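As structure tokens, the structure follows; a few thoughts come after it.
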Amino acid sequence: MFILCALALSIVSTQAQNKEGSQIPLDHFYVERKAGGGIRKILKNFTFGANTGYGNTSFSHKLDGFGIYQLPAAAPEVFITSTAARYSNWINQTTADNSAPSASAYVVNLGTSDLGFKASALNIPLNLFLFYSFNRYRIGAGYSFELMSMGSFKPTTLSDKISSYQPPSSSGIMTKYYLLLGASFYRLGDYLFTGDLQIGSFSPGSNFSSSVSAGTYFNLGVTVERDLSEYFKLFARPSYEFKSYTIPVGSKTLDHSMNAFYLSIGVTYRIPELPRCFLKDCHAQINHAHGNKEYRSRRHAFFKKQNPGYGENDKTLIKYRGKNKNKLNPY
């Protein structure tokens, strides 16, 4: 009896000491998860994108200080001071015509009001870009090259007497470099609306003379993004672009406006913070850990949405989909 009492007192004393001076080593049972490395934490805010689409460029210019010279059944030419020095191309490649003037030509003298030409061009762009997101804002840069095919230039006045003009080498590749600025302003379900601005420089193309001077362009648009997954999105972007160029014609320069409307469609991909699970036989459908390192599921295609709560990727479970339908144990 004495021995039992002594043993009980010893146990009670030991428990009291544990309460006062020691703790259970919980780190042996619960390991703190480590997410992606430092580089991934930085890269997770970067988004890559690409798009194509359709564009329509509106060319227009006024021939202030120029006259028109046109032979019967021939294309119009412009002159500055005398019909003896004329130019048969004043659109993309300045071409002089020094042949003797003909009395049968139709001539519109300098200073005629509203004398000018306008035309449309088809644009097919391919655009690549990268931006960094923070809060609802984004900043980035991009590069675009697009096929542009110019149509026939029609006179804005005296169209019953002046013919249309089709410039030679009417098709070429236009290139652009730009800075991208944007801010998201509205979300409706899986759709995100972002207003954005592109500011950059452009080259009209190799079919334009090297003497052409192109200025800065501005492109204003609204991007409508559709979430397909946490990392992958589809988007459509209507936009309007303001740009112009100047070409020397004899002793003068001629300003051309070439504003454009675009409707673009494309995709974006954001770099995931977590690496993909390295185990080929791992069937976890949510973010999970192996040891102390956290991984994202390998059971989800990057373009499909994953429920953050339990990793559901489809209304039908994996074991009931596709080739697993006829398996007794798909796992």
(message) Within a 10 angstrom radius of the beta carbon, how do Lys233, Lys44 rank from fewest other beta carbons to most?
(response) Lys44, Lys233
(request) Give me Leu180, Leu110 ranked fewest to most by other Cβ atoms within 10 Å of their Cβ, as a rough exposure proxy. (result) Leu110, Leu180
(request) Report the label-to-label distance for Ser206 and Lys280 in nanometres (one decimal), using points 7 Å from each Cα along the Cα→Cβ vector. (result) 4.7 nm
(request) Can you tell me the FRET efficiency between Tyr177 and Asp97 if r is taken as the Cβ-Cβ distance and R0 is 45 Å, rounded to the nearest 0.05? (result) 0.80
(request) Report the local net charge at Asn98: Lys and Arg +1, Asp and Glu -1, summed over other residues whose C-beta lies under 15 Å from its C-beta. (result) -1
(request) Treat every Asp and Glu Cβ in the range 46-270 as -1 and every Lys and Arg Cβ as +1, leave all other atoms uncharged, and give the resulting dipole magnitude about the Cα centre to the nearest 20 debye. (result) 240 debye
(message) Using the crude model of +1 on Lys and Arg Cβ and -1 on Asp and Glu Cβ, and no other charge, please compute the dipole size for the range 173-231 relative to its Cα centre, in debye to 20.
(response) 260 debye
(message) In the range 46-270, if the dipole is taken from +1 on Lys/Arg beta carbons and -1 on Asp/Glu beta carbons about the Cα centre, which of Ser120, Ser171, Tyr231 is farthest to the positive end?
(response) Tyr231
(request) Counting other beta carbons within 10 Å of each Cβ, put Tyr186, Tyr245 in order, fewest first. (result) Tyr186, Tyr245
(request) Work through the residues other than Gly182 whose Cβ is under 15 Å from its Cβ and net out their charges, Lys, Arg +1 and Asp, Glu -1. (result) +4
(message) Please compare each pair in Lys62/Lys154; Lys233/Lys280; Lys154/Lys252; Lys118/Lys161; Lys41/Lys305; Lys161/Lys243 to a cut-off of 19 Å on the Cα-Cα distance and tell me which ones are over it.
(response) Lys233/Lys280; Lys154/Lys252; Lys41/Lys305; Lys161/Lys243
(request) Counting only C-alpha contacts under 8 Å and six or more residues apart, can you give the relative contact order of the range 46-270 as a whole percent? (result) 22 percent
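All of the numbers you see were taken from the coordinates with simple rules; none came from a lab. No experiment lies behind these values; they were computed from the predicted model shown. Glycine gets a Cβ as well: all are built from the backbone with ideal geometry, and neighbour counts include every protein chain shown.
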